Amino acid sequence: MAGLNIGEKTFMMGTIVEEREAFQLCLDLAKKGLGSVSPNPPVGCIVLNKDRKLIGFGYHTKVGEAHAEVEAFRSVSDKSQLNGSIVYVTLEPCSFEGRTPSCAKMLIEHPIAEVVFGQRDPHPKVSGEGLKILEKKGVKVRPWGLDEEDVIQKELVHLTRPFFVNHSLERSFLSLKAASTLDGQIAMNDGESQWITCEKAREFGHILRSQHDAIAVGNGTILSDNPKLNVRHPKLLDKTLRPIVFDLSGKLREQIQNLEVYKCRPSEDILVVSNAKEWVGLSEEQLIVPKCLDSGEVDMDWLLKYLWSEHNISSVYLEGGSKTIASVLRQGLWDRFYLFTGYKIIGSDQGRGWSGHLGLGSLNQAKVLNHIETKHFPESQLNIFCQVK
């Protein structure tokens, strides 16, 4: 079996693993499930024997299939090594029977000594119950105990944030995405926008798409670009996304069947947020008549709760256009912002800015963002932000 890597160090079965290395290995394993396990969280797990030698590892690979703990225990070739073993896992083991059996109950069937977990599970059916099952059986449990500013802990929080938003706030997680020039323009005045960023940046954009359940755009983007709104990364072609189209006035209701967003997927996957009825090619269940604010804008708090409760959509990747992004920014109902910047300048008099519709009246109304990470590509970069709470 192949080993696990942290930098230049490879961990094979039998390698001694120190505590911090165990945390990092679990985190790296969890990332492998990103985009495949929704609405479950990505989870990674390793098993060390009583001498801290690696004897098993696994991660949750796909929704409905075995959880990380089960995969890790399956990989243990010599089950006698489990006597007095230590289990490291990114999330509290689940306590209830869902699509799969309870991991906490599976763990107590083995002679393990300790479970060390990264986060407590916010799911109302778990939320400490998994830990109680373990403790009642005499298994020692403890959190990773990392400071919230520790790089591993921050990355774990970043990784599992959609799951926590789903169950703590009972709504879909919302990511914003924009691609602009250095001077903040997302297109020329005539709509030309291909290509502002470089190929590698666009490829990574499709990786980000694949990590969400749904992709949302306004009708202006549909009319100007006629996008497919699918994942076109060569290694992720089997990933499907539910498109969500904002079209309050119903401009597209007579022509949506002729658009690429409709042609390239099962038509029942499409959702439209609109006040207009009787859409050609869409069922009543696919039409979301939204609650709106006094301004006429869609109430994003209501919509995100609706998408989670009625359509089981864990995360939404909103790609604009500029009016839709501005509305979301004003309401503050977003969780992460992916801002791609191409190293080009076209001038505000020649272009369309992504922030031009914010309509702020003073500097103290400026939207303050918390910078998470910067990724660099040839001729482009990506800055990732979350809100300052």
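The values are calculated or read from the model by the stated rules, or taken from the named source; none is laboratory data. Note that the structure is a prediction, hence the values are computed from the model and not measured. Cβ sites come from the backbone with ideal geometry, for glycine too, and all protein chains shown count toward neighbours. Ligands, DNA and RNA are stripped out before the accessible areas are found, and what is left, the full protein with its side chains, is counted by its heavy atoms. Shrake-Rupley method; radii C 1.70, N 1.55, O 1.52, S 1.80 Å.
Within the P(r) computed for region 132-230, what percentage of the Cα pairs occupies the region above 19 Å?
64
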Query raised in the report: Going through region 89-198, which trypsin sites (Lys or Arg not before Pro) have at most 15 other Cβ atoms within 10 Å and a DSSP loop state?
Result: R99, R120, K125, K137
Query raised in the report: For region 199-263, what is the accessible area per residue in Å² when the probe is 1.4 Å?
Result: 48
Query raised in the report: Convex hull over the Cα atoms of region 112-169, averaged projected area in nm²?
Result: 4.4
Report summary line: For K344 and K235, extending 7 Å from Cα along the Cα-Cβ vector and measuring point to point gives, in nm, a value of 2.7
Report summary line: Relative contact order of region 81-148 (C-alpha contacts under 8 Å, at least 6 apart) in percent is 37
Query - Magnitude of the charge dipole, the chain, Cβ model with Lys/Arg +1 and Asp/Glu -1, debye to 20 - result: 480
Report summary line: For region 59-113, the accessible surface attributable to carbon and sulfur atoms (probe 1.4 angstrom, ligands and nucleic acids excluded) amounts in percent to 49
Report summary line: Once both label points are put 7 Å beyond Cα along the C-beta direction, the M12-N275 separation in nm becomes 6.8
Query raised in the report: Cα convex hull of region 175-276: how many Å³ per residue?
Result: 117
Report task. Provide the convex hull volume over Cα atoms per residue for region 66-137, in Å³. Result -> 76
Report summary line: Using alpha-carbon coordinates alone, the radius of gyration and Dmax of region 216-290 in Å work out to 12.1, 38
**Report entry** Per-residue [θ]222 nm for the chain (sum of -39500 (n - 2.57) over DSSP H runs n ≥ 4, rounded to 500)
**Finding:** -7000 deg cm²/dmol
Requested in this report: Just the number, please: carbon plus sulfur as a percent of the accessible area of region 165-306, 1.4 Å probe, no ligands or DNA/RNA counted.
Outcome: 46
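With r defined as the distance between the Cβ atoms of D301 and K50 and R0 fixed at 45 Å, what FRET efficiency is calculated, to the nearest 0.05?
Taking R0 as 45 Å, the efficiency between D301 and K50 is 0.35.
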Query raised in the report: Over the Cα atoms of region 22-142, what is the Rg over Rh ratio if Rh follows Kirkwood?
Result: 0.93
Query - Cα-based convex hull, region 298-389, per residue volume (Å³, whole number) - result: 133
Query raised in the report: For region 1-78, what is the Kirkwood estimate of the hydrodynamic radius, computed as the reciprocal of the mean inverse distance between distinct Cα atoms, to one decimal in Å?
Result: 12.5
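Using DSSP H assignments, which helices in the chain have an axial alpha-carbon span of 27 Å or above and a mean Kyte-Doolittle hydropathy of 1.0 or higher?
none
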Report summary line: Taking 162-168, 288-294, 314-320 and ranking on average Cβ neighbours within 10 Å, highest first, one gets 314-320, 162-168, 288-294
Query raised in the report: Counting only DSSP beta bridges with both residues in the chain, what percent are antiparallel, rounded to the nearest 5?
Result: 50
Report task. Over the chain, calculate the relative contact order: mean separation of alpha carbon pairs under 8 Å at least 6 apart, over the residue count, as a percent. Result -> 14
Report summary line: Projected convex hull area of region 269-352, Cα atoms, direction-averaged, in nm², equals 7.8
Requested in this report: Measure up K32/K62; K62/K235; K105/K137; K31/K228; K200/K375; K200/K367 against 19 Å on the Cα-Cα distance and list the ones that go over.
Outcome: K31/K228; K200/K367
Query raised in the report: In bins 10 Å wide, starting from 0, what share of all Cα pairs of the chain does each bin hold, as a percent?
Result: 5, 21, 28, 23, 15, 7, 1, 0
Report summary line: Heads up, region 185-340 by the C-alpha gyration tensor (a ≥ b ≥ c square roots of eigenvalues; a/c under 1.5 rounded, else a/b over b/c prolate, else oblate) looks rounded
Report summary line: The rounded separation in angstrom of the Cα centers of region 223-296 and region 21-73 is 35
